Amino acid sequence: MTDGGRIFDPGLQPERTALAWRRTGLAVAVGAIAGTRVLFPTLGAGAVVVGLLGLGLAALLVIGSTRRARRAQACLLEEGNLVSGPGGRLIAAVCIACTSVGVAALAVVVGAHL
Amino acid sequence: MSSPVASRRFPRWVFGEGSEPDPRFTLANERTFLAWIRTALALLACGIALEAVAPPMQPQLRLAASVLLIVLGLLTPVQAWFAWSRDERAMRNGRPLSAPSLMVPLTVGTAITGLLLLAALLLR
């Protein structure tokens, strides 16, 4: 990610971080598709809704992280540090979403044995 | 000292104090966080897959392995948040970073999962 050909850091740390976010978003998308496949026999159309929700979440993650990376890049180029760069909101949101998926997974797995 | 702009960044208890560290370290901290999140997703996927695919194994032991994987996958994002904010705070204050607190539970938990699955295979 360059801004008019300028880069902040020859180690390309901002780019590597943006790629790590994208990789995570992609993992969520793959999980959503696999989840739809797994839940389809029991939930039917409901599984498609769950899958679409998951894909929406993945899209939000990719869009949110791209905006985050742009903000970080602009901040680094203008100020040389991240003083007014992105904070931890997206990070907190990712944690909450991941934990919620875990709680749902636990309910589904344990529920199937009751 | 923190600037008024910096203190608006969330969470206040991380960005409200200390001075801005080398941005490369902040970005590396973020990538470590993301690696933990992908670990959590992998643990959850394995736990769900064990139940969804239902391989021919002793069902109670398979369920125990599945639940253990999902519980580890639940704890991982929580620890990822605390490790990220704690390390960001430590860097701002020039203090050393601490070791990830979930390392031992995760190692032991994964090993126990392996043993449970082995037993489930042998006792089917």
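Values quoted throughout were computed directly from the atomic coordinates according to the rules given, and no laboratory measurement underlies them. These numbers were taken from a predicted model, which means no experiment stands behind them. Backbone-built Cβ (ideal geometry, glycine too); neighbour counts: all protein chains shown.
Some notes on this structure:
- When the convex hull of its Cα atoms is projected in every direction, mean area for segment B:20-123 (nm²): 6.6
- Sites A:Ala74 and B:Leu118 - FRET efficiency at Förster radius 41 Å, r taken between beta-carbons, to 0.05: 0.20
- Helix-only CD estimate at 222 nm, as mean residue ellipticity for chain A, using -39500 (n - 2.57) per DSSP H run (n ≥ 4): -28000 deg cm²/dmol
- Equivalent ellipsoid, chain A (semi-axes from 5 times Cα gyration tensor eigenvalues, Å): 37, 14, 10
- Gyration tensor (Cα) of the protein assembly as shown, equivalent ellipsoid semi-axes in angstrom: 38, 20, 14
- Estimated FRET transfer efficiency when R0 is 30 angstrom, pair A:Phe40-A:Leu114 (beta carbons, to 0.05): 0.90
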